[in-house]
Amino acid sequence: MPNGLYVIDFHAHLQGPNGLANLCPEEQKSAFFRHAVPLIEQVAHVSEPVHDEFLRHLALNYRNSLSRFIYSCFGKLALMETIRLFKTYGLHHLLASMDRQNIDHAVICSLEPLTVTQELLELTSMHRERISIFASVNRRQPDPVGYLTHLVESGLIAGIKIHPIVGGYACGELFHKTKDLAQLAREASLPIVIHTGHIPVEGLNGLAGCNEVRAIEPLIAAFPEVKFVLAHIGWESWRQVLKLASKYKNVLVETSWQPARIIRRAVDAIGADRVLFGSDYPLFKQSLALRQVEQALSPKEFVMVASTNALRLLRLSPTKNKRRTAS
């Protein structure tokens, strides 16, 4: 990287043409979504510069039990905003955001059945030098290993994503439902990203999976050769995630939705070589996520967190000239 730093956003999302209808379908058929949401969305498109900054500030700084209860009381509005962001910010917007922030590469995580891996591969086929896809599998898929094996053998995916909440995995079944996926990842030398952190969705029908950090430990312990990336550093459960990462050397953490002070704690706890910059775009702005990482780290640490750690994990060898320089 003689001409600058190859920056990688290790956690982003795009929406294919068919998946959003599968996100809490009962809620989307409700009178609120049929009558109120179209009107609220018109206001939200205008107010986004203000309300987005306010909401991200809350999420970065307030995540105790009381905060999560308050968030859950506004679950339908949060669902509406999530759907609106996915509909509004597609591939063109992602690439434009990456250009503005001097981000060279992004990892797009599928969330089946909401975002289908094959649709993402087709959507991003013209931009594979800038985008890697992590595959997921629908919990109801009758042959999950066969489904993912086909994708692995295609050579077009760079890892596997497991989202216990969106996937609907109960805590007690998580290991048994995902161990064969981890075995496949081990055989293919692919990393696994696992969502960690509580999503306050108690008031919504259709999202009822596990949000306990302890439930993923058996999987991590059983597959020490697999690199597990714990997304969001656990959000409000960052202490439990860092304790787990300190115990298992095959665990890395990803920084989205965390303020600089928690990112600093992560680097101090497990080392900069096991922390990855991520944004969770479009749910969180790349500019704000990148700012938190820059504020938390020394220039040397920033190079590792924003670039070299992900390059190693993705087995990328960038050759083009870079714009961002390491100061």
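Compute the semi-axes of the equivalent ellipsoid of segment 75-165, taking the square root of 5 times each eigenvalue of the Cα gyration tensor, and list them largest first in whole Å. List each step's numbers first, then the result.
On the way: eigenvalues 107, 80, 18 Å².
For segment 75-165, the semi-axes come out at 23, 20, 10 Å.
Could you work out the relative contact order of the chain? I mean the mean sequence separation of Cα pairs under 8 Å and 6+ apart, divided by the number of residues, in percent.
Relative CO of the chain lands at 24 percent.
Over all alpha-carbon pairs in segment 32-191, figure out the percentage whose distance exceeds 18 Å. Before the final figure, lay out each step's value.
Details: 8758 of 12720 pairs.
Distances greater than 18 Å cover 69 percent of the Cα pairs.
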task = Please say if segment 277-316 is rounded, prolate or oblate, where rounded means a/c under 1.5 for a ≥ b ≥ c the square roots of the C-alpha gyration tensor eigenvalues, and otherwise the choice is prolate for a/b larger than b/c and oblate otherwise?
result = oblate
message = Per-residue counts of other Cβ atoms within 10 Å, averaged by peptide: what ranking do you get for 122-132, 97-107, highest first?
response = 97-107, 122-132
query = Could you give P(r) for segment 194-327, binned at 10 Å from zero, as whole percent values over all Cα-Cα pairs?
reply = 12, 41, 33, 12, 2
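Provide the gained length on full extension for the span Arg265 to Lys249, in nm with one decimal, where the gain is 0.36 nm per separating residue minus the Cα-Cα distance. It would help to have the intermediate numbers written out before the result.
Values: separation 16, 0.36 × 16 = 5.76 nm, distance 1.69 nm.
Answer, rounded to one decimal: 4.1 nm.
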remark   = Quotient of Cα radius of gyration and Kirkwood radius for the chain, i.e. Rg/Rh, equals 0.93
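Quick one: grab the alpha carbon gyration tensor of segment 1-51, order the square roots of its eigenvalues as a ≥ b ≥ c, and give me rounded if a/c is under 1.5, else prolate or oblate depending on whether a/b is larger than b/c. Each step should come with its number before you reach the end.
Details: a/c = 4.72, a/b = 1.95, b/c = 2.42.
Verdict is oblate for segment 1-51.
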task = Using only the Cα atoms of segment 162-244, each taken as one equal point scatterer with no solvent, compute I(q) by the Debye sum, divide by I(0), and report log10 of the ratio at q = 0.17 Å⁻¹.
result = -0.65
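Compare the peptides 272-284, 159-171 by average per-residue count of other Cβ atoms within 10 angstrom and give them in order, highest first. List each step's numbers first, then the result.
Working: 272-284: 23.5, 159-171: 21.5.
Per-residue Cβ counts within 10 Å, averaged per peptide and sorted highest first, yield 272-284, 159-171.
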key: Inverse mean reciprocal Cα-Cα distance (Kirkwood Rh) of segment 254-300, Å   = 10.5 Å
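Which of rounded, prolate, oblate describes segment 31-71, given a ≥ b ≥ c as roots of the alpha-carbon gyration tensor eigenvalues and a/c under 1.5 marking rounded, otherwise prolate only if a/b is larger than b/c? If you can, show how the numbers build up before the last one.
Details: a/c = 5.84, a/b = 1.54, b/c = 3.79.
Oblate, because a/c is 1.5 or more while a/b does not exceed b/c.
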remark   = Counting only residues 5 or more apart in sequence or on a different chain, those whose built amide H sits under 5 Å from that of Val229 are Ile192, Val193, Ile194, Leu252
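With +1 on the Cβ of every Lys and Arg and -1 on the Cβ of every Asp and Glu, and nothing else charged, how large is the dipole of the chain about its Cα centre, in debye rounded to the nearest 20?
Numbers: 36 positive and 30 negative charges, 154 e Å.
The calculation lands at about 740 debye.
Rank-order 59-66, 219-226 by packing density, defined as the average count of other C-beta atoms within 10 Å over each peptide's residues, highest first.
Details: 59-66: 13.2, 219-226: 16.6.
Descending packing order for the listed peptides: 219-226, 59-66.
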note = The base-10 log of I(q)/I(0) that the Debye equation returns for segment 156-202 at q = 0.16, 0.17, 0.22 Å⁻¹, one scatterer per C-alpha, is -0.48, -0.54, -0.82
ask   = Given the pairs Lys29/Lys87; Lys76/Lys285; Lys177/Lys247, which span a C-alpha to C-alpha distance of over 19 angstrom in this model?
value = Lys76/Lys285; Lys177/Lys247
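Assigning unit charges at the beta carbon (Lys, Arg +1; Asp, Glu -1) and nothing else, what dipole magnitude in debye, to the nearest 20, does segment 58-195 show about its Cα centre? Before the final figure, lay out each step's value.
Working: 14 positive and 12 negative charges, 120 e Å.
For segment 58-195, the charge dipole is close to 580 debye.
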note = Per the beta carbon screen (other Cys under 4.7 Å), unpartnered cysteines of the chain come out as Cys24, Cys73, Cys109
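Values quoted throughout were computed directly from the atomic coordinates according to the rules given, and no laboratory measurement underlies them. Not measured: the values here are computed from a predicted model. Every residue, glycine among them, receives a Cβ derived from its backbone with ideal geometry; neighbour counts consider all protein chains shown.
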